[in-house]
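Colleague: Here it is, the structure, as structure tokens.
Derivation of every value follows stated rules applied to the coordinates shown; laboratory data play no part. Please read all numbers here as calculations on a predicted model, not as lab measurements. With ideal geometry, Cβ positions are generated from the backbone for all residues, glycine too; neighbour counts draw on all protein chains shown.
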Amino acid sequence: MNPHCYVVTRLALCAVAISLLAPVHASPGAHGPNGEHLDGQATASVGALARLPDGSVNVPKLAQRRMAIRTVKVAQGVHPRTVELNGRVAIDPNAGGRVQAPFAGRIEAGPRGLPLPGQAVRKGQVLARLVPVASPIERGNQEATLADLHALRGAAERRVQRLQALEGTVPAKEIDAARAELASIVGRAKAVAGSVRGSEAIVSPADGVIASAQVLAGQVVDARDVLFEIVDPARLLVEASTPDVTLAAQVATATLPAAPAAKLQLVGGGRALRDGALPLSFRASGPALPLAVGQPVAVLATLKSTVSGIALPAEALVRNPANETVVWIKSGAMRFIAQPVQARPLDAHTIVVTHGLSAENRVVVAGAALINQIR
């Protein structure tokens, strides 16, 4: 090989090696919340995912596209204040109901069988039949009363027939009194027979679906036992609680992180404390709400007061190994820096960063969790 060509080749290889080992710098525009520069040096290969010694991360362009990394340039703004409340899903009394046993009895299936949880029902539909049950002594007394009434009914019918045969010679008021007495005996006998041998239909009080069913064929229930709970899946009630008695007057809107599509409307706040807290009622509406009666939920109430900060999607927040809340700032073409922040929820999808970010930082709003996993 020509010595001159050999020297040129060695120089070219050295230049490539120096370029690969060159330190990665943050872009001049990366600043912390107090204006400090976030452009410390960190050495890494530009061709691979790597966690750099200073805690930042190197992500090549091709990897950014595969991970669907998205960033936005943030700006300060004024946003409504929010507060998170603990709540529980309940039945809307205007769109559902609870079916209880009116007396002690035995359950029998209705004309369509016993309904199951999740089955749609209509108002007035027969859900089951309840046959009265009584002790042997009570049942014997009822049977004796019924036998007496049958005997009285027979005598009253014969008396009415005799008086009708003498119509014209017997005053009409006697005939009417005999007929009235017969009707009374017939009614009493029917009532007693119903309590001894009859059954009562248990009907649905509203349109909806069966939320819970506590009955089986042949089951004996006591009076006031809950048999069925019926709810409208598109209309539910959320009962939240707060120790602040003035909060109800400050609430503007509210959302449910567990059901972002649900529309919450504040019904009002109670005027009596329950377990040391004031109950707030919200009416939840929407198609096919993914909620169940009794489910504990978090309610994000937006207040009429405001807070200054930077609004970001909730997925931009992640946790670092020290369990601090951080966001990832893009400080260069392939370098990302974890910045600790203080944030509070704004609604079911958005948070507002109150401390830790400065205006014009470019923050990762999609794919932050993937960047956070790079080691």
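Colleague: In Å, what Kirkwood hydrodynamic radius results for region 89-232 from the alpha-carbon pair distances?
Modeller: Over region 89-232, the inverse of the mean reciprocal pair distance is 18.1 Å.
Colleague: With viscosity set to 1.306 mPa s and temperature to 10 °C, compute the Stokes-Einstein D of the chain, Rh being the Kirkwood radius across alpha carbon pairs; µm²/s, no decimals.
Modeller: Translational D for this selection: 56 µm²/s.
Colleague: Continuing with the same structure: Starting from 0.36 nm per residue, how many nanometres of slack lie between VAL267 and ALA180 once their C-alpha separation is accounted for?
Modeller: Residue separation times 0.36 nm, minus the Cα-Cα distance, leaves 25.9 nm.
Colleague: Please list the equivalent ellipsoid semi-axes of region 233-364, computed as the square roots of five times the alpha-carbon gyration tensor eigenvalues, in descending order and whole angstrom.
Modeller: Semi-axes, largest first: 34, 17, 13 Å.
Colleague: Report Rg(Cα)/(2.2 N^0.38 Å) for region 96-154, keeping two decimals.
Modeller: Region 96-154 yields a ratio of 1.63.
Colleague: HN-Hα J couplings of region 127-133 from phi, Karplus 6.51/-1.76/1.60, θ = phi - 60°, integer Hz, Gly and Pro as x?
Modeller: With coefficients 6.51, -1.76 and 1.60, one gets 8, 6, 10, 10, 9, x, 10 Hz.
Colleague: Which of ALA180, ALA193, ALA155 sits farthest toward the positive end of the charge dipole of region 128-203, with +1 on the Cβ of Lys and Arg and -1 on the Cβ of Asp and Glu?
Modeller: Projecting each Cα onto the dipole axis, the largest value belongs to ALA193.
Colleague: Need the list of lysines near LYS190 for cross-linking: C-alpha distance under 22 angstrom, and skip anything on the same chain fewer than eight residues off.
Modeller: Straight-line reach from LYS190, under 22 Å: no lysines qualify.
Colleague: A further question on this structure: Quick check of the Kirkwood formula: for region 299-375, what is the inverse mean of 1/r over all pairs of different Cα atoms, in Å?
Modeller: 13.1
Colleague: Which of the residue pairs LYS263/LYS304; LYS123/LYS263; LYS73/LYS330 have a Cα-Cα distance greater than 20 Å in the structure shown?
Modeller: LYS123/LYS263
Colleague: Now, a different point. What residues qualify as long-range amide H neighbours of GLN119, i.e. H under 5 Å apart, gap of 5 or more or another chain, H built at 1.01 Å from N?
Modeller: Placed amide hydrogens put ILE210 under 5 Å from GLN119.
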